[in-house]
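First comes the structure, then the notes that go with it.
The values are calculated or read from the model by the stated rules, or taken from the named source; none is laboratory data. Computed from a predicted structure; not experimentally measured. Here the Cβ positions follow ideal geometry from the backbone for every residue, glycine too, while neighbour counts run over all protein chains shown.
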Amino acid sequence: MKITRKKHKRTLFDTVNTSLVVLITLLVAYPLYFCVIASFSDPTQVAAGQTLLWIKDFTLEAYQNVIKETKLWIGYRNTIIYTILGTLYNLILTLPAAYVLSKKYLPFRGFLSWYFFLTMYVSGGMIPSYLLMRDLHLINNPLVLIIGAGVSCYNMIVTRQYFSASIPEDIYEAAHIDGASEIKCFTRIALPLAKPITAVMTLYYGVGHWNSYYQAMIYIHKDAYKPLQLILRDILISNEMTSIDTNASVEMIEYLLKKAHIAQGMKYAIILIASLPLLILYPFLQKYFAKGVMIGSVKG
């Protein structure tokens with residue numbers, strides 16, 4: 001009887017858990033699915049709410065309108081450059097800093113950790129940051145999106161914990177006995193063993209650069225330097241319908257309605273175009289992602 005009850009309870013527990021996981025998965029996946037079917041459907045059907053589950057009146061008009069925008073490819077080029085160089089710059093600063101702070105014999109280790117931790121809650125503010133970038137001649141300079149934010153203190157603390165918890169000190173001691181310097185210990189021992197957390201930090205920093213919007217909106221005003229997110233915003237706004245004047249001609253009203261019709265379809269195509277590279281990249285980093293997050297998630 002006891003075995004039967006336990007088996008029944010376990011079956012019920014598993015059923016409830018599975019149902020919750022399926023429900024959460026559907027809730028998370030549906031917005032992306034809706035963007036896909038809406039981007040391939042006629043905008044009139046989308047506006048009427050007829051595309052909740054399936055594509056209605058299949059069309060590629062939205063993608064054709066987006067691709068026609070030459071600024072789109074400039075934004076893609078800029079964002080790819082900002083993401084690659086910015087992520088590399090972040091890793092070059094984060095990994096050595098985390099390695100150094102993981103050493104218990106580091107002088108003033110506690111103070112330095114506290115100092116970095118404090119910056120997570122107290123920042124300089126938007127106006128002082130803008131004035132600083134202006135004095136450094138980084139306004140309308142692509143470098144502002146690459147070196148403007150070198151280190152995420154949260155990411156550095158998580159990486160530090162990974163170095164502390166995952167790599168035994170005995171390995172470093174043996175290397176020191178053999179004459180290895182700290183630089184060799186870092187490059188020959190720590191980095192090869194830190195692939196999981198490096199992949200996680202690459203993804204975190206890369207996603208941050210790819211989705212960068214606020215910094216670009218403040219510091220970048222030239223179209224030639226704008227990242228993809230800002231270009232897509234400009235494209236969408238330029239095609240949206242503005243308020244119609246009561247004295248507007250019939251031709252003007254038809255033109256504005258046509259722009260609104262185009263913007264309705266472009267909106268979902270733009271979301272997919274902006275998300276596609278990250279959706280392609282994530283499966284290649286997934287095998288490192290879970291391990292890196294689990295080991296590095298407990299901050300010490």
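Could you tell me whether any residue of segment 109-117 is out of contact with any Asp or Glu (no Cβ under 7 Å at 6 or more places or on another chain), assigned by TED's automatic domain parsing to the domain that holds residue 198 and farther than 30 Å from residue 181 by Cα? Taking every residue of segment 109-117 in turn, none turns out to be out of contact with any Asp or Glu (no Cβ under 7 Å at 6 or more places or on another chain), assigned by TED's automatic domain parsing to the domain that holds residue 198 and farther than 30 Å from residue 181 by Cα. Entry remark, segment 199-224: residues being in a helix (DSSP H, G or I), over 13 Å from the mean Cα position of the chain (by Cα), in contact (Cβ under 8 Å) with a residue 60 or more places away in the chain and surrounded by fewer than 20 Cβ atoms within 10 Å (Cβ to Cβ) number 5 in total. The helices (runs of 4 or more DSSP H) located wholly in segment 1-111 that include 3 or more residues which are free of Cβ contacts under 8 Å to residues at least 40 places away in the same chain and of a type in the set (A, V, I, L, M) occupy 2-39, 70-101. Restrict the check to segment 77-93 and report whether at least one residue is of a type outside the set (S, T, N, Q), over 30 Å from residue 194 (Cβ atoms) and assigned by TED's automatic domain parsing to the domain that holds residue 269. Yes, segment 77-93 has at least one match. Of all residues in segment 121-165, those satisfying the criterion of being over 16 Å from residue 225 (Cβ atoms), surrounded by fewer than 17 Cβ atoms within 10 Å (Cβ to Cβ) and of a type in the set (S, T, N, Q) are 123, 129. Can you tell me how many residues within segment 74-120 are surrounded by fewer than 18 Cβ atoms within 10 Å (Cβ to Cβ), within 18 Å of residue 227 (Cα to Cα), among the β-branched types (Val, Ile, Thr) and within 19 Å of the chain's Cα centre (by Cα)? Total satisfying the criteria: 3.
If I filter segment 155-168 for residues that are in contact (Cβ under 8 Å) with a residue 40 or more places away in the chain and either basic (Lys, Arg) or not assigned by TED's automatic domain parsing to the domain that holds residue 105 (or both), do I get at least one hit? Scanning segment 155-168 turns up at least one residue that is in contact (Cβ under 8 Å) with a residue 40 or more places away in the chain and either basic (Lys, Arg) or not assigned by TED's automatic domain parsing to the domain that holds residue 105 (or both).
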